[in-house]
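Here is the structure we will look at, set down as structure tokens.
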Amino acid sequence: MLNALDKLMLEKVADLHEIPQGAFNIRKNGAGVQRNTTANIDIVTKTDKSGIDVIIKPYTKGESVHIPVIVTEENINDVVYNTFEVGEYSDVLIVAGCGIHNSGHHKSQHDGIHTFFVRKGAKLKYVEKHYGQGDGKGQRVLNPKTIIEVEEGAVVDLELIQIKGIDQTKRDTEIRLMDNAKLVVTERLLTYKNQEAESNIIVELLGVDSSAQIISRSVAQDDSKQVFYFDLIGRNKGRGHIQCDAIIMHNAQVLSTPRISAHHSEAQLVHEAAIGRIESEQLIKLMSLGFTEQEAEDTILSGFLK
Amino acid sequence: MLELQKVSLEIQGDIDFEILKKINLKFYEKKIYVVTGPNGGGKSSLAKTIMGVYRPTSGQILLDGLDITSMNISERARMGIGYAFQSPPRFKGIKVKELLNMAASHNPEKVNICDLLYDVGLCSQDYLNRDVDTSLSGGEMKRIEIATVLARNLKIAVFDEPEAGIDLWSFQKLAETFRNIHMKYDTTIILISHQERIMELADEIIIMSNGMVSAQSERDIILAGIMNNDACACSAKCAKGVGHNAECVG
């Protein structure tokens with residue numbers, strides 16, 4: 001049974017206002033609590049380790065799978081291994097998300113290792129949102145690892161969002177693209193107080209005419225620290241573009257290493273990185289419309305992280 | 001009525017430089033003023049000082065008798081002053097419709113943002129959902145900037161080189177738009193411009209050069225003076241007038 005706190009967390013993490021349509025698996029405090037499967041999407045509990053297998057039949061169109069994880073107690077140390085089989089020529093949305101509510105003194109942590117096999121011609125949109133709350137001193141820690149194999153002609157659109165809430169995160173993302181495979185990764189991160197975030201994204205363009213676009217936007221406030229490492233590796237004829245922009249404020253630190261490695265003469269790789277404070281002309285423009293400096297700043301940051 | 005009394009602006013650096021020198025100006029309701037003059041003369045600095053981007057080193061600025069010299073940009077904006085930047089800033093993640101709605105948000109009258117775009121020569125279907133970012137050309141940014149000022153119910157509207165980047169066909173529309181504000185509202189319009197056709201809209205033309213007002217009069221008087229005089233209004237010494245074979249030194 002889901003209580004009021006559970007429902008609030010589900011809303012924050014997966015925009016769920018009620019039990020979702022389609023397939024879903026809700027995990028709370030280290031255990032699966034509710035599940036639904038459909039004719040085309042099956043969810044099976046792993047037998048050798050903690051986690052689930054999500055199996056999407058080929059040609060499944062317009063369906064979604066919600067697999068939110070909520071942690072509402074302190075002292076939880078939850079590690080899960082989820083494997084996703086996205087069948088050939090299917091077109092699906094997978095919404096993962098993890099929310100931690102910690103009002104205690106002890107740390108609560110969830111580490112999710114997600115492995116995807118996106119089969120030939122399939123289209124996958126994967127949204128992963130991280131959220132944290134609670135007025136306890138106990139830390140909220142999330143360490144997601146995402147490994148994706150994108151087969152011939154498949155398209156993957158990844159959205160990774162973490163706004164405040166999480167004290168420590170180490171995010172690892174590894175993606176391999178085959179012939180004509182296409183990837184777009186959008187990352188949005190905001191840290192404040194003493195939070196620390198590390199994000200490593202490694203993309204290998206293995207196939208002919210594979211392409212990847214990575215757009216990372218972050219805001220670092222107060223005494224927080226962000227470390228980014230990107231590596232776009234061109235092993236074949238293909239195109240890749242990394243763009244990372246960070247707004248740095250107060251006493252924060254942002255370290256960004258966008259690396260591009262070409263191992264093929266027809267690999268075309270571009271990286272752009274910029275770290276800076278909010279542009280004063282932007283603040284002045286919004287203030288000249290009647291907004292206070294704080295309102296102007298909030299508007300600029302929320303647009304930046306949209 | 002906006003009044004500048006002995007307004008001076010000094011920039012401190014390796015050499016202290018006076019950008020505005022004891023400017024005395026009065027701008028009355030319902031009138032269109034064009035401020036023109038050579039580059040570097042202080043026109044944009046004047047506009048920014050009116051908006052509050054620069055704080056004068058000395059002197060006072062009065063709006064309807066109230067001293068606004070120490071008010072910040074937001075306060076002056078709420079008092080009814082607006083400014084269209086010469087080089088408008090771009091944003092990431094803000095759409096044209098959002099920016100225009102923000103501009104119109106303090107206007108007690110309901111504003112149709114599609115009409116605003118039409119008034120600056122842009123098709124609303126094409127532009128409402130565009131991001132106000134590097135994907136827009138200079139001319140497009142300029143027009144959207146003008147639209148953000150038109151969205152507001154202002155006492156004083158300052159437009160810094162509004163014609164820059166606007167093509168010939170849209171220019172007529174723009175001139176018409178300024179004339180319409182003039183007819184509909186009591187707004188004082190201050191245009192910084194080098195364009196003869198913008199100057200034709202003016203009730204009064206102010207020539208600024210070297211940080212000072214070097215001439216101020218009704219439009220026809222000033223225009224006649226400018227058209228008959230081929231000497232530039234710049235007061236700096238230069239090699240102008242030297243013959244074709246003069247040595248090029250740089």
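Could you list, in sequence order, the residues of region A:225-246 that are within 19 Å of the chain's Cα centre (by Cα) and either more than 13 Å from residue A:203 (Cβ to Cβ) or among the acidic types (Asp, Glu) (or both)?
A:225, A:226, A:227, A:228, A:231, A:243, A:244, A:245, A:246
I need the full set of residues from region A:259-281 which are assigned to a strand (DSSP E or B), of a type in the set (Gly, Ala, Ser) and closer than 23 Å to residue A:294 by Cβ, in order please. Give the steps one after another, and end with the answer.
Step one: filter region A:259-281 for residues assigned to a strand (DSSP E or B), giving A:259-262, A:267-276.
In the following step, the residues that additionally are of a type in the set (Gly, Ala, Ser) were identified as A:261-262, A:267, A:273-274, A:276.
Once the filter is applied, which keeps residues that are assigned to a strand (DSSP E or B), of a type in the set (Gly, Ala, Ser) and closer than 23 Å to residue A:294 by Cβ, region A:259-281 yields only A:276.
Which of (1) under 18 Å from the mean Cα position of the chain (by Cα); (2) outside any loop (DSSP other than H, G, I, E, B) does residue A:62 not meet, given it meets every other one?
All conditions pass for residue A:62, except number (1).
Within region B:4-41, how many residues are charged (D, E, K, R), touching a Lys or Arg at 6+ places or on another chain (Cβ under 6 Å) and touching a residue at least 60 places away in the same chain (Cβ under 8 Å)?
1
Please list, ordered by first then second residue, the pairs with beta carbon atoms under 8 Å, 6 or more apart or interchain, first in region A:280-306 and exposed (fewer than 15 other Cβ atoms within 10 Å of the Cβ), second among the charged types (D, E, K, R).
Partner pairs satisfying both residue conditions: A:306/A:188.
Could you check region B:57-77 and list, in sequence order, the residues that are under 18 Å from the mean Cα position of the chain (by Cα) and either aliphatic (A, V, I, L, M) or at pLDDT below 95 (or both)?
B:61, B:63, B:73, B:77
Tell me the residue from A:266, A:204 that is charged (D, E, K, R), surrounded by 15 or more Cβ atoms within 10 Å (Cβ to Cβ), more than 30 Å from residue B:48 (Cβ to Cβ) and more than 14 Å from chain B (Cβ to nearest Cβ), please. Don't jump to the end; show me each part of the working.
Details: A:266 fails: surrounded by 15 or more Cβ atoms within 10 Å (Cβ to Cβ).
Result of the check over A:266, A:204: A:204.
Tell me, which residue of region B:46-76 that is touching a residue at least 60 places away in the same chain (Cβ under 8 Å) and either touching a helix residue (DSSP H, G or I) at 6+ places or on another chain (Cβ under 9 Å) or outside any loop (DSSP other than H, G, I, E, B) (or both) is nearest to the other protein chains (Cβ to nearest Cβ)?
The extreme case among them is B:51.
I want to confirm something. Restricting to region B:161-184 and keeping residues that are in contact (Cβ under 8 Å) with a residue 60 or more places away in the chain and touching a Lys or Arg at 6+ places or on another chain (Cβ under 8 Å), which single residue is farthest from residue B:45 (Cα to Cα)?
Looking at residues that are in contact (Cβ under 8 Å) with a residue 60 or more places away in the chain and touching a Lys or Arg at 6+ places or on another chain (Cβ under 8 Å), I get B:182.
Taking the condition of being part of a strand (DSSP E or B), touching a helix residue (DSSP H, G or I) at 6+ places or on another chain (Cβ under 8 Å) and of a type in the set (D, E, K, R), how many residues in region B:1-36 meet it?
0
Is it the case that region A:242-258 has a residue that's more than 14 Å from every other protein chain (Cβ to nearest Cβ), of a type in the set (A, V, I, L, M), more than 24 Å from residue A:193 (Cβ to Cβ) and in a strand (DSSP E or B)?
yes
Exactly one condition in (1) surrounded by 22 or more Cβ atoms within 10 Å (Cβ to Cβ); (2) under 19 Å from the mean Cα position of the chain (by Cα); (3) within 14 Å of chain A (Cβ to nearest Cβ) is false for residue B:43; which is it?
Against the list (1) surrounded by 22 or more Cβ atoms within 10 Å (Cβ to Cβ); (2) under 19 Å from the mean Cα position of the chain (by Cα); (3) within 14 Å of chain A (Cβ to nearest Cβ), residue B:43 comes up short only on (3).
For the list (1) in a strand (DSSP E or B); (2) surrounded by fewer than 19 Cβ atoms within 10 Å (Cβ to Cβ), I need the number of the one condition that residue A:92 fails.
That leaves (2) as the condition not met.
Please count how many residues of region A:170-190 are surrounded by 19 or more Cβ atoms within 10 Å (Cβ to Cβ), within 19 Å of residue A:219 (Cα to Cα) and touching a Lys or Arg at 6+ places or on another chain (Cβ under 9 Å).
Selection size over region A:170-190: 5.
So which residues in region A:287-299 are of a type in the set (A, V, I, L, M) and more than 7 Å from chain B (Cβ to nearest Cβ)?
A:296
Where in region B:78-153 are the helices (runs of 4 or more DSSP H), entirely inside, with at least 3 residues that are under 21 Å from the mean Cα position of the chain (by Cα) and crowded, with 18+ Cβ neighbours inside 10 Å?
Helices (runs of 4 or more DSSP H) meeting the threshold: B:96-104, B:113-119, B:138-150.
With the structure loaded, tell me whether residue A:17 is in contact with a helix residue (DSSP H, G or I) (Cβ under 8 Å, 6 or more places away or on another chain), modelled with pLDDT under 95 and surrounded by fewer than 20 Cβ atoms within 10 Å (Cβ to Cβ) or whether it fails that test. Even if it seems obvious, please write down each step before you answer.
Working: in contact with a helix residue (DSSP H, G or I) (Cβ under 8 Å, 6 or more places away or on another chain): yes; modelled with pLDDT under 95: yes; surrounded by fewer than 20 Cβ atoms within 10 Å (Cβ to Cβ): yes.
In short, yes.
Among the listed residues A:283, A:301, A:289, identify the single one that is in contact with an Asp or Glu (Cβ under 7 Å, 6 or more places away or on another chain) and under 28 Å from residue B:154 (Cα atoms). Even if it seems obvious, please write down each step before you answer.
Numbers: A:301 fails: in contact with an Asp or Glu (Cβ under 7 Å, 6 or more places away or on another chain); A:289 fails: in contact with an Asp or Glu (Cβ under 7 Å, 6 or more places away or on another chain).
So the residue among A:283, A:301, A:289 that is in contact with an Asp or Glu (Cβ under 7 Å, 6 or more places away or on another chain) and under 28 Å from residue B:154 (Cα atoms) is A:283.
The values are calculated or read from the model by the stated rules, or taken from the named source; none is laboratory data. Bear in mind that the values here come from a model prediction, so they are computed numbers and not experimental data. We place every Cβ from the backbone using ideal geometry, glycine too, and count neighbours over all the protein chains shown.
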